[in-house]
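Asker: Have a look at this one.
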Amino acid sequence: MANNTYYERLTIKAGELPWYMGEFIDHKRRKMAASTLLNYCHDYIIFIDWLLAESMHIGKRQELTLKTLESLSIKDMESFLSHLELQLGNSKQTVNRKISSLKSLFHYLQNIAETETFEPYIYRNVMAKIDFNVVKDDQETIANRIEGKILHGDEYEQFRQFIASDYGEKHKQNIRVYNFHLKNRERDTAMVSLILGSGLRLSELAGLSLDDIDFKKHSVRVTRKGGKEQYVYFSEQAMIDLKDYLEIRETRYQLSKKEKALFVSTSIGPKKASRRLSNRAIEKIVEKYAVAFGKPALSVHKLRHSFATRYHMENNDIPKLKKHLGHESVQTTMIYTHMTNIEMKKAIDKMDGFKKDAQTHEK
């Protein structure tokens, strides 16, 4: 499984942290996905760097002491959270995720970890006194916000076709862009087709290896949040596009038989070595096509929303959709009922328009 790549990156990032944070990451490895733990590491680095900037810690990141954590006040933590929102421009939801990361760490240090004499690592837990941001948006508000940023109706196939050929035609006068698209169009089409035909998360897509695909069952093996392994079904069109890509993958990207990553980069560097596409690389690829297509707000996550909305409209089965998307709570899945209500209203509005046109014509 491609999870090994995440664990390698996780090991490097954890090495930049104090020993007890590394110990906490190790404690969570069995229960949480490597991609989630990698986000934890990034959150802790941002936190430590803020402590350094505010002179609350002097020295290297790895030298941050438990005593310093124990001495932090509520005012200190509120200042950090304000820094995230005002200086770094984090949304309230993103700040909440970072609060959750810190709460998990401090809980571990106070209630789970213990010294050789069975004493907790810290006695005072400031994060227990920090509340999450109140996010007032209800599901219908979220649905309305997302609705304008996803694909609808014929746009699914139009976007896929745009990546497969129209993007190249649009940039035919730019030889460099045209040739780059010509080289990568099968790969890029397969990636987008797979998201639109399965609703995979970005990390799940990036983590796929050749051995994870089961063409007979139209499914891919992924590691979901919480470290759970699951087989996720994909569409017939996604299978066709994947097979087209796999026919050219090894020779086009000059890969050795040992390279098991499904989606790989164009050969780069002095040695012209290809490697697994990172999360950010995939995001940038989708962003490029989205802008050229005329829907700049479209992202990998919005493609997942597009799949889920279409699935619900055609099947109206929330329990199955919840399982397929890997949601922990059915409340998360319920957003798509609101989104399809919006679609239904648009359809009815179009009917009203048709009736008005007919009445005008009769007059």
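The values are calculated or read from the model by the stated rules, or taken from the named source; none is laboratory data. Here the structure is a predicted model, which is why all the values come from computation and not from measurement. No Cβ is skipped: glycine too gets one built from the backbone with ideal geometry, and neighbour counts run over all protein chains shown. The protein model used for the area step is the full one, side chains on, heavy atoms only, and it has no ligands, DNA or RNA in it. Shrake-Rupley method; radii C 1.70, N 1.55, O 1.52, S 1.80 Å.
Asker: Identify the single condition in (1) among the charged types (D, E, K, R); (2) at pLDDT below 95; (3) within 19 Å of Ile112 (Cα to Cα) that Lys67 does not satisfy, given that it satisfies every other one.
Answerer: For Lys67, the exception is condition (2).
Asker: I've got another one for you. Identify the single condition in (1) farther than 29 Å from His305 by Cβ; (2) touching a strand residue (DSSP E or B) at 6+ places or on another chain (Cβ under 6 Å) that Ser219 does not satisfy, given that it satisfies every other one.
Answerer: The number of the failed condition is (1).
Asker: Restricting to segment 234-268, and then to whatever is free of Cβ contacts under 8 Å to residues at least 60 places away in the same chain and small (Gly, Ala, Ser), can you tell me which residue is surrounded by the fewest Cβ atoms within 10 Å (Cβ to Cβ)?
Answerer: Ser256
Asker: When the residues of segment 59-84 are narrowed to those that are of a type in the set (A, V, I, L, M, F, W, C) and over 18 Å from Trp19 (Cβ atoms), which ends up most open to solvent (accessible area, probe 1.4 Å)? Full working, then the answer.
Answerer: Within segment 59-84, the subset of a type in the set (A, V, I, L, M, F, W, C) is 64, 66, 69, 72, 74, 77, 80-81, 84.
Restricting the remaining residues to those that are over 18 Å from Trp19 (Cβ atoms) gives 72, 74, 77, 80-81, 84.
Working: Leu72: 5, Ile74: 72, Met77: 2, Phe80: 4, Leu81: 18, Leu84: 0 Å².
Among residues in segment 59-84 that are of a type in the set (A, V, I, L, M, F, W, C) and over 18 Å from Trp19 (Cβ atoms), the one most open to solvent (accessible area, probe 1.4 Å) is Ile74.
Asker: Give the residues of segment 139-165 that are modelled with pLDDT under 95, open to solvent by 30 Å² or more (accessible area, probe 1.4 Å) and among the charged types (D, E, K, R), sorted by residue number.
Answerer: Glu140, Arg145, Lys149, Asp154, Glu155, Glu157, listed by residue number.
Asker: Here's a follow-up. Could you check, for segment 113-133, whether at least one of its residues is closer than 29 Å to Gln331 by Cα, in contact with a Lys or Arg (Cβ under 6 Å, 6 or more places away or on another chain), at pLDDT below 95 and open to solvent by 30 Å² or more (accessible area, probe 1.4 Å)? Full working, then the answer.
Answerer: We begin by selecting, within segment 113-133, every residue closer than 29 Å to Gln331 by Cα; these are 127-133.
When the remaining residues are screened for being in contact with a Lys or Arg (Cβ under 6 Å, 6 or more places away or on another chain), the result is 127, 133.
Narrowing further to those that are at pLDDT below 95: 133.
This time we only want the ones that are open to solvent by 30 Å² or more (accessible area, probe 1.4 Å), so: 133.
For segment 113-133, residues closer than 29 Å to Gln331 by Cα, in contact with a Lys or Arg (Cβ under 6 Å, 6 or more places away or on another chain), at pLDDT below 95 and open to solvent by 30 Å² or more (accessible area, probe 1.4 Å): present.
Asker: Let me ask you something else. If you take the residues of segment 210-233 that are outside any helix (DSSP H, G or I) and open to solvent by less than 10 Å² (accessible area, probe 1.4 Å), which of them is modelled with the lowest pLDDT? It would help to see each step written out before you state the result.
Answerer: If we filter segment 210-233 for residues that are outside any helix (DSSP H, G or I), which is where we start, we get 213-224, 228-233.
Restricting the remaining residues to those that are open to solvent by less than 10 Å² (accessible area, probe 1.4 Å) gives 219-220, 222, 224, 232.
Values: Ser219: 94, Val220: 95, Val222: 92, Arg224: 83, Val232: 94.
Among those residues, the one meeting the criterion is Arg224.
Asker: How many residues are within 19 Å of the chain's Cα centre (by Cα) and either at pLDDT 95 or above or among the aromatic types (Phe, Trp, Tyr) (or both) when one looks only at segment 1-40?
Answerer: Residues in segment 1-40 being within 19 Å of the chain's Cα centre (by Cα) and either at pLDDT 95 or above or among the aromatic types (Phe, Trp, Tyr) (or both): 3 in total.
Asker: Does Leu298 fit the bill of being in a loop (DSSP other than H, G, I, E, B) and open to solvent by less than 40 Å² (accessible area, probe 1.4 Å)? Lay out the reasoning, then the answer.
Answerer: Working: in a loop (DSSP other than H, G, I, E, B): yes; open to solvent by less than 40 Å² (accessible area, probe 1.4 Å): yes.
For Leu298, the condition - in a loop (DSSP other than H, G, I, E, B) and open to solvent by less than 40 Å² (accessible area, probe 1.4 Å) - is met.
Asker: I would also like to ask the following. Only one of (1) open to solvent by less than 30 Å² (accessible area, probe 1.4 Å); (2) under 22 Å from the mean Cα position of the chain (by Cα); (3) of a type in the set (A, V, I, L, M, F, W, C) fails for Trp50. Which number is that?
Answerer: In the conditions (1) open to solvent by less than 30 Å² (accessible area, probe 1.4 Å); (2) under 22 Å from the mean Cα position of the chain (by Cα); (3) of a type in the set (A, V, I, L, M, F, W, C), Trp50 misses (2) alone.
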